[in-house]
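Note sheet for the following structure.
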Amino acid sequence: MAALLPCRYWQVLHRLPIRAMALPSAIATAFAGVIVGGQGFMAYARMTADAAAQATLDAAERQMHGAAQGGESITTLTPQLVSIASMVAFTMFTPLGLLATYLAVSGLVRVASVVTDDAIGDPVLSPF
C-alpha cells in the first residue's frame, strides 16, 4: 500500500521495503483494473445489447401491427453498432469504466517505471 504513495514520502518510510514492493504493487494495481473493468464491461455490454435487441423487437412489432413510421425497416445494424461502441462508451463514460481504465493504465505506467529503474508511486499523486 505504501508503494502507492508519492515518491517524496518514500524516504520518510525508509523502514518499509517500498522499492522492493513497487513492482508487485504495480502489477496488483493493473490486475485490479483488468478484473474490475472486465466484470463491469460484461455487465455493461449485456445491458446495452439487451436494450438494442429490445429496440429491434419493438420495431418488428410496430411493423407487424402496421404502426411503423415512414418506411421503418427491421435491421440488425443498430445492435451491431452498439456492440462495437460499447467498449469505448464503457471506458470513457461510466464511473466504473474510468476507474478501471485508471487502475490498469497507472499500474502499467508504474510497471514500466520499475523496469526502467525509476520507480514511482501513483502517477497522479507523484509528479514526474
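Just so it is clear, none of the values below were taken in a lab; they were calculated from the coordinates. Predicted, not measured: the structure shown is a model, and the values here were computed from it. Neighbour counts are summed over all protein chains in view; Cβ atoms, including those assigned to glycine, are modelled from backbone coordinates with ideal geometry.
Could you state the per residue volume, in Å³, of the convex hull enclosing the Cα atoms of region 28-115?
Expressed per residue, the convex hull around the Cα atoms of region 28-115 is 89 Å³.
Give me the percent relative contact order of the chain, please, defined on Cα pairs under 8 angstrom at least 6 residues apart.
That works out to 43 percent.
Tell me, what is the Rg over Rh of region 1-57, with Rh the Kirkwood radius over Cα pairs?
We get a ratio of 1.39 for region 1-57.
In sequence order, what are the phi-derived ³J(HN,Hα) couplings for region 80-94 according to the Karplus relation 6.51 cos²θ - 1.76 cosθ + 1.60 with θ = phi - 60°, rounded to whole Hz, with x for glycine and proline?
Rounded to whole hertz, the list is 5, 5, 5, 5, 5, 7, 5, 5, 5, 4, 5, 6, 9, 10, 10.
What is the set of long-range amide H partners of Thr94 at a cut-off below 5 Å, with H atoms built 1.01 Å from backbone N?
For Thr94, whose amide H was placed from the backbone, there are no distant partners under 5 Å.
In degrees, nearest 10, range 0 to 90: what is the angle between the Cα axis of helix 18-64 and the longest Cα principal axis of the chain?
Orientation of helix 18-64: about 10 degrees from the principal axis.
Using the crude model of +1 on Lys and Arg Cβ and -1 on Asp and Glu Cβ, and no other charge, please compute the dipole size for the chain relative to its Cα centre, in debye to 20.
For the chain, the charge dipole is close to 520 debye.
Between Ala45 and Ala20, 0.36 nm times their residue separation minus their Cα-Cα distance comes to what?
Taking 0.36 nm per residue and subtracting the Cα distance, the gain is 5.1 nm.
At 222 nm, what helix-only mean residue ellipticity would the chain give, in deg cm²/dmol to the nearest 500, using -39500 (n - 2.57) for each DSSP H run of four or more?
Computed ellipticity for the chain at 222 nm equals -24000 deg cm²/dmol.
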